[in-house]
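Here is the structure we will look at.
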Amino acid sequence: MTFSKTMPTIAIIGGGPAGLATAIELTKKNATFNVQLFDSPQKSETKFGESIPPASTPYLKSLFGKDYARNMKHHLPCPGSISVWGDEQPGYNDFLFQLEGSGFHLDRQHFEHQLRETAFSQGVKWHQGFKLSKLQKFENKVQLEFNTQSRFNHQLDADFIIDATGFSSQATRRMNVARNLLDEVIYLCVSLPIQNQSHLLPQTLIEATATGWWYVAKTPSDTCVITYCVDKSIYKKYALELSENWLSHLTQTRWLKFQIEETIKLLENHSPTIHRRVAPSSILSNVVGSNWLAIGDAASTYDPISSAGITKALVHANIAAQSISNYFTTNQQDSLLEYQKRVFDDFNQYCQLRYQLYRSEQRFRTSEFWKNRTHH
Ligand SMILES: Cc1cc2nc3c(=O)[nH]c(=O)nc-3n(C[C@H](O)[C@H](O)[C@H](O)COP(=O)(O)OP(=O)(O)OC[C@H]3O[C@@H](n4cnc5c(N)ncnc54)[C@H](O)[C@@H]3O)c2cc1C
C-alpha cells in the first residue's frame, strides 16, 4: 500500500486511552495526516483503572470538545478520597477546592468506547482485530505487518509510528529499546455488580495494612471495584488468588470493612472472581527515535497508587501530537526530544511522589511490603 508523500501516514499501534487520545489530538493539529490506528482483537478480560483526578479535566475537554459534558455524564463524579494511611484516623483529600472541580470514577470500557467514537468521527481510520506481528525500520519509513482475523496479513508502510501497546511495548521491543524496571506490585481486583449502591460513599476509600493496601471505588452501571495491592511473595504466601483468602484479608482491615459492610456480605455470598494484574513502575531508555514515538504505558508505567496512568496518557498525547506536527513541519528531531524530556521529567516526579506516599506510612515500616517500597 502506498500513500502520497504530501500526506504522511502515521500508524498508531494500540487502541487504549493513550493511542486513542493521540489519534484525536493528531487529527486536530494537522488535517493532512493520514492517521491509522491498529488494535489487537479485544480481550474478554476486565480492564481495571477507573479513578481520574480533576487534573485530567482540561485534557478531556480538549478530546471531547462540545461533547465533553454529554460524555462525562455517563461517569461518576468523584469528590476525592478518604484514606487510613500513616494514621489510625481517616484522612480526607477533597477535590472540592480544585479549580477543575471533581475527578471521576470511570466506566472504563465505555470511556474507551467514547474515545473510539470521537476518533472515528474525526477521520481516524480504525482497524480493530489487527495485531502487530512484524516491524522493520528503514531511514524514512517503517514497514509493519499485522495478523488479522482473515487468512491474510495486513501490511503497511508508515512514515511515522506510535507505540501505544501498553506495558508490553510491542513496537519498541521489536526495535530493541530497553525498559528500566523500578518496582512491580500485584493488584488483586474484584468488580462487583451492586443493585443499590446508596450505602457506598462516592469517594475512593483507601486503607493501608501490614501486607499492602486496599482501595474501593464506586463505579457507574451499578458496580464497584475492590482492589488489594500486594507483593508477589505475599500473593503466593497467602494464596490470594483464592477468594476466601482475599476476603479474609479484607475482613481484617480495621476501618474499611465498616465502610463496606453491605458489600462484604454480598462478597461472602458470591465467591467473587479475583482478577490478578501486574503493575510495574518502569520507563523505556528512549521514548522517541527518528520516525517513532512511544506513549502511555508503552513509554512509562506508574503504580496505580498515583491514580495517574490515564491522565499521564492524555497529557502526553496532547504534547506528542504537537511534537509530531512540528517534526513534520521542520524535519528536525528537536520537538521529539522535547517530548522525551517531558516524559522523563514526569517519570522522575512520579518516582518522588510514589516514594513519599509509601514513606508516609510508618506504622508497618518493618513489614516486607513497606520495606520493599521505601528502600532506594
Ligand atoms: C489494577 C490497575 C489499576 C489501575 N488504576 C488506575 C487508576 O485508578 N487511574 C489511572 O489513571 N490509571 C490506573 N491504572 C493504569 C491505567 O490502566 C493505564 O495507565 C492505562 O491503561 C494506560 O493506557 P495505554 O493506552 O497506554 O495502554 P493500555 O490501556 O494497556 O492499551 C494498550 C492497547 O494496545 C493494544 N495492543 C497490545 N498489543 C498489541 C499489538 N501487538 N498490536 C496491536 N495492538 C496491541 C491492546 O489491545 C490495548 O488496546 C491502573 C492499572 C492497573 C493494572
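The values are calculated or read from the model by the stated rules, or taken from the named source; none is laboratory data. Just so it is clear, the structure is predicted and the values come from calculations on it, not from any experiment. A quick note on method: Cβ atoms are made from the backbone with ideal geometry, for glycine too, and the neighbour counts reach across all protein chains shown. Areas reflect the complete protein model, heavy atoms only, side chains present, ligands, DNA and RNA absent. Shrake-Rupley method; radii C 1.70, N 1.55, O 1.52, S 1.80 Å.
For residues in region 198-208 being farther than 19 Å from T366 by Cα and in contact with a helix residue (DSSP H, G or I) (Cβ under 9 Å, 6 or more places away or on another chain), which is modelled with the lowest pLDDT?
Among them, the one singled out is H199.
Determine if region 305-319 includes at least one residue that is out of contact with any helix residue (DSSP H, G or I) (no Cβ under 8 Å at 6 or more places or on another chain) and either farther than 23 Å from C229 by Cβ or surrounded by 17 or more Cβ atoms within 10 Å (Cβ to Cβ) (or both).
yes
From T219, T211, which residue is buried (at least 20 other Cβ atoms within 10 Å of the Cβ), among the polar types (S, T, N, Q) and in contact with a helix residue (DSSP H, G or I) (Cβ under 6 Å, 6 or more places away or on another chain)?
T211
Here's the yes/no breakdown for (1) near the ligand (Cβ under 9 Å from one of its atoms); (2) in a loop (DSSP other than H, G, I, E, B):
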site	(1), (2)
T253	no, yes
F258	no, no
I264	no, no
E268	no, no
P272	no, yes
V278	yes, no
L293	no, no
K312	yes, no
A320	no, no
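Would you mind stating whether G86 is within 15 Å of the ligand (Cβ to nearest atom), in a loop (DSSP other than H, G, I, E, B) and at positive phi?
It is false that G86 is within 15 Å of the ligand (Cβ to nearest atom), in a loop (DSSP other than H, G, I, E, B) and at positive phi.
Need the failing condition index for F167 against (1) in contact with a Phe, Trp or Tyr (Cβ under 7 Å, 6 or more places away or on another chain); (2) within 11 Å of the ligand (Cβ to nearest atom), just the number.
F167 satisfies every listed condition except (1).
I need a count of the residues in region 326-343 that are open to solvent by less than 60 Å² (accessible area, probe 1.4 Å) and aromatic (F, W, Y).
Qualifying residue count, region 326-343: 2.
Inspect all residues belonging to region 300-307 and state whether any of them is assigned to a strand (DSSP E or B) and at pLDDT 95 or above.
Taking every residue of region 300-307 in turn, at least one turns out to be assigned to a strand (DSSP E or B) and at pLDDT 95 or above.
Residue pairs, Cβ under 8 Å, 6 or more apart or interchain, first in region 167-187 and under 18 Å from S233 (Cα atoms), second more than 10 Å from the ligand (Cβ to nearest atom) and among the hydrophobic types (A, V, I, L, M, F, W, C). List them.
The qualifying pairs are L182/I283; L182/C351; V185/V230; I186/V230.
Sort out which residues of region 32-51 are open to solvent by 20 Å² or more (accessible area, probe 1.4 Å), in contact (Cβ under 8 Å) with a residue 12 or more places away in the chain and farther than 20 Å from A313 by Cβ, and write them in order of number.
Answer for region 32-51, where residues must be open to solvent by 20 Å² or more (accessible area, probe 1.4 Å), in contact (Cβ under 8 Å) with a residue 12 or more places away in the chain and farther than 20 Å from A313 by Cβ: T32, P41.
If you go through region 165-179, how many residues are outside any loop (DSSP other than H, G, I, E, B) and among the aliphatic types (A, V, I, L, M)?
Residues meeting the conditions: 1.
Scanning for something within 13 Å of the ligand (Cβ to nearest atom) and in a loop (DSSP other than H, G, I, E, B), does region 180-199 turn up at least one residue?
no
Can you find a residue in region 269-279 that is over 19 Å from the mean Cα position of the chain (by Cα) and of a type in the set (A, V, I, L, M, F, W, C)?
Yes, that holds for at least one residue.
Hey, among the residues in region 73-91 that are among the aliphatic types (A, V, I, L, M) and touching a Lys or Arg at 6+ places or on another chain (Cβ under 9 Å), which one's farthest from Q356 (Cα to Cα)? I'd like the intermediate steps shown before the answer.
First, pick out the residues of region 73-91 that are among the aliphatic types (A, V, I, L, M): 76, 82, 84.
Narrowing further to those that are touching a Lys or Arg at 6+ places or on another chain (Cβ under 9 Å): 76, 84.
Details: L76: 29, V84: 16 Å.
Residue satisfying both the conditions and the ranking: L76.
For residues in region 295-309 being over 25 Å from L337 (Cβ atoms) and of a type outside the set (S, T, Y), which is nearest to the ligand (Cβ to nearest atom)?
Restricting to residues being over 25 Å from L337 (Cβ atoms) and of a type outside the set (S, T, Y), the top hit is P304.
Quick grid of which residues meet (1) within 16 Å of the ligand (Cβ to nearest atom); (2) open to solvent by less than 40 Å² (accessible area, probe 1.4 Å); (3) in a loop (DSSP other than H, G, I, E, B):
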| position | (1), (2), (3) |
| --- | --- |
| A23 | yes, yes, no |
| F64 | no, yes, no |
| D67 | no, no, no |
| I82 | yes, yes, no |
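Every residue, every condition in (1) within 19 Å of the chain's Cα centre (by Cα); (2) surrounded by 20 or more Cβ atoms within 10 Å (Cβ to Cβ), yes or no:
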site: K257; (1), (2): no, no
site: V287; (1), (2): yes, yes
site: D297; (1), (2): yes, yes
site: Y302; (1), (2): yes, yes
site: I324; (1), (2): no, yes
site: R359; (1), (2): no, no
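Restricting to strands (runs of 3 or more DSSP E) lying wholly in region 92-164: which have 1 or more residues that are surrounded by 14 or more Cβ atoms within 10 Å (Cβ to Cβ) and of a type in the set (A, V, I, L, M)? If you could, list the steps in order and put the result at the bottom.
Working: elements: 103-105, 125-128, 131-137, 142-147, 154-158, 160-163.
In region 92-164, the matching strands (runs of 3 or more DSSP E) lie at 131-137, 142-147, 154-158, 160-163.
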